[in-house]
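The values are calculated or read from the model by the stated rules, or taken from the named source; none is laboratory data. Remember, it's a predicted structure, so these values are computed and weren't measured experimentally. When we count neighbours, we look across all protein chains shown, and the Cβ atoms used for this are built from the backbone with ideal geometry, even at glycine. These area figures cover heavy atoms from the full protein model, side chains too; ligands, DNA and RNA do not enter into them. Shrake-Rupley method; radii C 1.70, N 1.55, O 1.52, S 1.80 Å.
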Amino acid sequence: MSERYARENELVSAESNLYDKAMDVAIALSIVTFVVGMITFADAVPLGATGTELVNFFAALLGVVVGGTGIVAVFSYANVIPITSQRVRGVAMGLLVSAVGLTLAAFVLPVSLATMLGLVMLLEAGLLVAAGVVSRLGLVDTAPSMTAGLLAGVVFGIIGALVGAVIVGSLPGLDAAVPGVPVWLLGAIVLGVGFGALAIVPREDLGSTLPAALIIGLLGVTIATAVIGVGWQWTPENLSGGFTGGSVIPVFVLFGSLLASWSAAKCRADFGARGRQYGAFFVINLNAFLMVAIMAAIVVFVTVKGVGWAFHDFSIGALSLLVVLTPILVLTAQHARAPAGTDEWHSAARQFFRVVPLAAVGSLAALLLGIIVTGTTFEIPYQYAILVDRSTVMLDTAFRVTPSLTVGNLLIIVSGAILFTYFLRRYGSLRNVGTEYERLSLVRQGVPAAVGLLGLLSLVYVVIGPVLDNIGIGPVLGLGVATLGAVVVAAFALVPLGALVTGEGTLAERAHESAQLLNVGLFSGIALLMAVIVLEWTAVSNPQLGPVAPVPVVALVAAVSSLCIAALVARARRSTDDTLRRRVLGDEVTLALAAATGYVTLVGLHVAATSESTFALGPVEVGINGSLSWPTVLQGAIPLGQAPGGIYPAIIGTIWIVIGASLFAVPLGLGAAVFLTEYAEQGRFTELVEIATNALWSTPSIVFGLFGAAFLIPRLGNSLSLLAAQLTLSFMLLPLVLITSREAIKSVPDEYRDASAALGVDRWTTIRSVVIPAAMPGVVTGVILGVGRIAGETAPLILVLGSEIDATTAVDVLGGFAFTTTPPFITNEALLGSSAALPTQVWGIITAGVSGSPSKGWATAFMLLVVVLSFYAVGITARTYFRRKINYE
Amino acid sequence: MNNQIGDTDTDTDVSTDTSTDSELGTTAGVETSTTTTAGESEEQVRDEWTDYRFDAPAKLSVEDLDVWYGDDHALKDVSMEIPEESVTALIGPSGCGKSTYLRCLNRMNDRIKAARIEGSVELDGMEIYDPNTNLVELRKRIGMVFQSPNPFPKSIRDNISYGPRKHGDINKGLLARLFGRDDSEKEAELVERSLRQAALWDEVNDRLDDNALGLSGGQQQRLCIARCLAVDPEVILMDEPASALDPIATSKIEDLVTELAEDYTVVIVTHNMQQAARISDQTAVFLTGGELVEYDDTDKIFENPESQRVEDYITGKFG
């Protein structure tokens, strides 16, 4: 015993002794075995692996461990992420030792992976026994309690009983030791009580190591001696299949290592209160890790199976990808800009990590630029199997990024709009800054008037467009007004630039002075051009002045001009020290960037509005159709065709079902929640409603399906229909929205209501402007959960929507609306007809047996996963938005 | 029966909780008087103690006000007149009914289902407990500031303009903007005026768009006062506005109250007797049992009270 153990309780135990180190290794060993158990459970490595295969496996494991601990060690050494805890360091060392040891053992011992795992478990058991005994003999200083506790006793008792039943029940010749009592029961009782007593009676250091070691040792012996080996098989009589060693051994290993980590962690933390905490920490964490691994495995499994078909013949233009990448680039740049703390040297390292995402996105962008410049297609060829006429056919296909310079207008609009809103939200205010020119107020009043007039004119075209066309002024008027508008916009975009470039004083002073000019010019330009584009759309006109279309050209010129302004002001800002001026100029830069992205968005909108034309500038083209080719997602099935076809109709069907169900359920649920929480007298009635909604939420979905099929369908045209599906699923969604909305509204503090009432605001206005906004994050959470459930709901859909698997065309819900002169005045063929949907398609392919191709089913399941996750992403974004709005981050 | 319940600062759901804190006083009828708050001596309340006369016109006059929460008689037969443009402090031990009384003045007790109110409260001679009272108008005229600062989770600007906007005095909607009737300028003026009145403008004028919840407690309370001022009330009721604040913030609020009294009628509930002595023109003392015991000039109450119990309370013998 060293001197450190002379004292009873050390406040800080900085140095680990040999015992601690050995226990660290035991913990690490159990972690490694746990991971190996999971790997073998997933069948990634066969249990029968021997020789080189085994060495290779453990060498790979060693590589992973060395890499992982190595990078952490380097960071720790560099003081970036200092690891000071002895336990963490110890476990890391233990991981290294275990991995090296296992690799060496695999090299030396001529055994299979299964035997090896058995031996490792025996070793762990031995370590635990040794640790317990050493502690009991007082050779190390520990703080064990009097007993391991009743809970541990009960758990070990139950495990012991199971083990006893199995062992005694399987031994021959013990059949009738006591007449009338089954022999396995005796074994169970004896071993159960024995293990329980072993855990409870001795001091904690023995009580929590010995029974654990016994069980782990027993499992280890079973595996190591091949009582249950790789070839072992158990086929119960009434089952057609059986249990094999391949599935039982990993379960043994997982269980044993979980137990070992608990026991070893208790030893490492000297038993007692700290020991219980450390032991529970490992069990809980490994458990959570197992859960996450299971969930990840499901996703990975579906992805691996489905991704082949899902990305069949996928190709996209490099420029399109660049457009997608731009918002991400801006976000990562913003991330990199955020302050990195003090000027200490390791804050430099933090700065380095802040720019890593930016560097990654940047290099990806550079790669895409390289593809464009060199004109070579980037290609990942792969092949997958499909079933055609009951025979497997291998399909060769590839994932491509082409050097195409065509970008779809949708992509431009989405990316542009995201960036525009982003910059606009970051832009503060330029109120009362700079010179207020006299004519500016004129413009301020004139532009809204002009926009209003253009809007009115657009409306006129919508209503009496054909009449205008007939008398011959339609096209001319549209053309003239649009061209005039474009010219004015050009002026708006260029005047601020002019004011910035010319004039007196330094650049910064000029930028400060012309703040109002900038503000008015950029905003007015965008508003006016937007109105012009709306006019183009309703007047079906695409003005051309000779070879050029003025609207997109003006938009581009304005975008470039705004970019120039941003660059100039940013330069001026660098040379300014005045804080106030820096802020003003910063706002100007953001505003100019917002304007630039806004104008680019307008180019996309122009193409969308004048639908038949594309806009080309040199080789770059903004088209109706982009350069994305994704047959699986963008096409329907091709009857009798060669290509595998797509599942577009099913995707669209699922999206419409979710949208329809949400449109129906969310307002209704929210309204009911508001009534029940804010208006209704709290009492019997509300309790009853609460019970009813909870019951409705746990009602099996097939019951909803039956209701839809037997009640809704006869009343909705007596055929399988999208509308019936939407309604049925909305009934399922309703209770969850109601429950979560009620909880959210209830949790809004009463102080808000009091404050509002004291200001003389009536109850409904209070609910609308204070209560619901504050409850919104909770409401959205409910909708997210509900949508996740209904998007994948299959059983009711089979009954109300059918299970079509080879749909060729997608439902056109928006285009299906038609107005009639007789009641019901509005009809929709698409809603009253059936449609494909992802979950029903998966089901349909499974039940179709040989005639359906399994890979199509997997691809459908994969896309279903993607669609559901996309809805989640939208919901989480919405929730974050509302939370931010409340908390003003 | 009376107890803690009278003090409804925090619990609005009074009906559920009718008999906490039995030691604080369980009097069957105070006039005949048995046990009172520990240490409180027994005496009859005399009418002349509460008969406070003043020259200015009465802003609020309360006659024979009784409040019950379920079976609890929380406020007993209170009559008092509150003069215009002055500070009236209401003091008394916990559970004496002063907050209940305050909430009766703008009918906030209507929001408590179990509350029953009898008697009369007149604002400028108009009965506010008339069945046809316009509650919106009433609460616009009689504003209220609560014990704990309760700004909305909105920006500072939106907090101030909330009342006027909801009353339709400020219109900033999309339609208003399209038709050029946007009241942004008016709103900006209102926000600045209210914040200046509440002595908060200099601290927040550069971050009006930040969330009000990001302000410190004292700033939040002044924001609530500014929010109350924005609807241009005539009377401001304050329910222990400084009880959750530190001394510096408290002194700012006190200065503010004194200033406000030049234009507004302020009625303030407080637990802090020094505060009442510092800022109020007249003081009303409520004691256990929900009765108004003495009401007079602040100096008179603190220097020479008529009631022995009031003297005991003020000198700290109980309460």
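Structure values in brief
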{"read-out": "Number of the condition not met by A:THR677 [criteria: (1) surrounded by fewer than 19 Cβ atoms within 10 Å (Cβ to Cβ); (2) touching a residue at least 12 places away in the same chain (Cβ under 8 Å); (3) under 24 Å from B:LYS113 (Cβ atoms)]", "value": "(1)"}
{"read-out": "Any hit, the stretch B:212-233, residues being under 21 Å from B:PRO57 (Cα atoms) and either within 12 Å of another protein chain (Cβ to nearest Cβ) or at pLDDT below 90 (or both)", "value": "yes"}
{"read-out": "Entirely in the stretch B:156-273, the helices (runs of 4 or more DSSP H) that have 3 or more residues that are among the hydrophobic types (A, V, I, L, M, F, W, C) and within 22 Å of A:SER769 (Cα to Cα)", "value": "B:174-178, B:184-197, B:217-230"}
{"read-out": "Selection from the stretch B:140-158 of residues that are more than 7 Å from chain A (Cβ to nearest Cβ), crowded, with 23+ Cβ neighbours inside 10 Å and under 20 Å from the mean Cα position of the chain (by Cα)", "value": "B:ILE142, B:VAL145, B:PRO149, B:PRO151"}
{"read-out": "Meets criteria (within 14 Å of another protein chain (Cβ to nearest Cβ), touching a Lys or Arg at 6+ places or on another chain (Cβ under 6 Å) and β-branched (Val, Ile, Thr)) for A:VAL761", "value": "yes"}
{"read-out": "Breaking point among (1) open to solvent by less than 30 Å² (accessible area, probe 1.4 Å); (2) touching a strand residue (DSSP E or B) at 6+ places or on another chain (Cβ under 6 Å), for A:THR397", "value": "(2)"}
{"read-out": "Members of the stretch A:419-439 that are assigned to a helix (DSSP H, G or I) and either touching a Gly at 6+ places or on another chain (Cβ under 9 Å) or crowded, with 18+ Cβ neighbours inside 10 Å (or both)", "value": "A:LEU419, A:PHE420, A:TYR422, A:PHE423, A:LEU424"}
{"read-out": "Helices (runs of 4 or more DSSP H) within the stretch A:200-288 that include 3 or more residues closer than 15 Å to A:LEU117 by Cβ", "value": "A:210-224, A:245-268"}
{"read-out": "Residue count, the stretch A:716-755 (criterion: without any contact (Cβ under 8 Å) to a residue 12 or more places away in the chain, of a type in the set (Asp, Glu) and away from every other protein chain (no Cβ under 14 Å))", "value": "0"}
{"read-out": "Subset of the stretch B:107-138 that is among the basic types (Lys, Arg) and touching a residue at least 60 places away in the same chain (Cβ under 8 Å) - its residue that is surrounded by the most Cβ atoms within 10 Å (Cβ to Cβ)", "value": "B:ARG111"}
{"read-out": "Residue under evaluation A:GLY446, criteria (1) open to solvent by less than 40 Å² (accessible area, probe 1.4 Å); (2) within 14 Å of another protein chain (Cβ to nearest Cβ); (3) touching a residue at least 12 places away in the same chain (Cβ under 8 Å), criterion not met", "value": "(3)"}
{"read-out": "A:ALA878 being modelled with pLDDT under 90, farther than 30 Å from A:TYR752 by Cβ and not β-branched (Val, Ile, Thr)", "value": "no"}
{"read-out": "Any hit, the stretch B:124-139, residues being in a helix (DSSP H, G or I), within 14 Å of another protein chain (Cβ to nearest Cβ), under 16 Å from the mean Cα position of the chain (by Cα) and among the basic types (Lys, Arg)", "value": "yes"}
{"read-out": "Flag for B:SER161 being among the small types (Gly, Ala, Ser), within 20 Å of the chain's Cα centre (by Cα) and more than 10 Å from chain A (Cβ to nearest Cβ)", "value": "no"}
{"read-out": "The stretch B:226-251 residues that are within 17 Å of B:ARG107 (Cα to Cα), paired with ones that are at pLDDT 90 or above and open to solvent by 50 Å² or more (accessible area, probe 1.4 Å) (beta carbon under 7 Å, 6 or more apart)", "value": "B:PRO233/B:ARG141; B:GLU234/B:ARG141; B:VAL235/B:ARG141"}
{"read-out": "Some residue of the stretch A:812-827 being in contact with a Pro (Cβ under 7 Å, 6 or more places away or on another chain), of a type in the set (Val, Ile, Thr) and touching a residue at least 24 places away in the same chain (Cβ under 8 Å)", "value": "no"}
{"read-out": "The listed residue being touching a residue at least 40 places away in the same chain (Cβ under 8 Å), open to solvent by 60 Å² or more (accessible area, probe 1.4 Å), among the β-branched types (Val, Ile, Thr) and assigned by TED's automatic domain parsing to the domain that holds A:GLN277, out of A:THR225, A:THR209, A:THR142", "value": "A:THR225"}
{"read-out": "Residue in the stretch B:106-116 that is under 27 Å from B:VAL285 (Cβ atoms) and more than 13 Å from chain A (Cβ to nearest Cβ) present", "value": "yes"}
{"read-out": "Options A:PHE704, A:PHE685: the member that is of a type in the set (Phe, Trp, Tyr), more than 21 Å from A:VAL811 (Cβ to Cβ) and open to solvent by less than 60 Å² (accessible area, probe 1.4 Å)", "value": "A:PHE704"}
{"read-out": "Filtered residue count, the stretch A:354-375, keeping only those that are surrounded by 13 or more Cβ atoms within 10 Å (Cβ to Cβ) and in contact (Cβ under 8 Å) with a residue 24 or more places away in the chain", "value": "10"}
{"read-out": "Any hit, the stretch A:582-604, residues being surrounded by fewer than 18 Cβ atoms within 10 Å (Cβ to Cβ) and out of contact with any helix residue (DSSP H, G or I) (no Cβ under 8 Å at 6 or more places or on another chain)", "value": "yes"}
{"read-out": "Tally, over the stretch A:90-139, of residues that are open to solvent by less than 10 Å² (accessible area, probe 1.4 Å) and either without any contact (Cβ under 8 Å) to a residue 12 or more places away in the chain or of a type in the set (Ser, Thr, Tyr) (or both)", "value": "2"}
{"read-out": "Hits in the stretch A:39-70 (condition: of a type in the set (Val, Ile, Thr), surrounded by fewer than 16 Cβ atoms within 10 Å (Cβ to Cβ) and more than 23 Å from A:PHE289 (Cβ to Cβ))", "value": "A:THR52"}
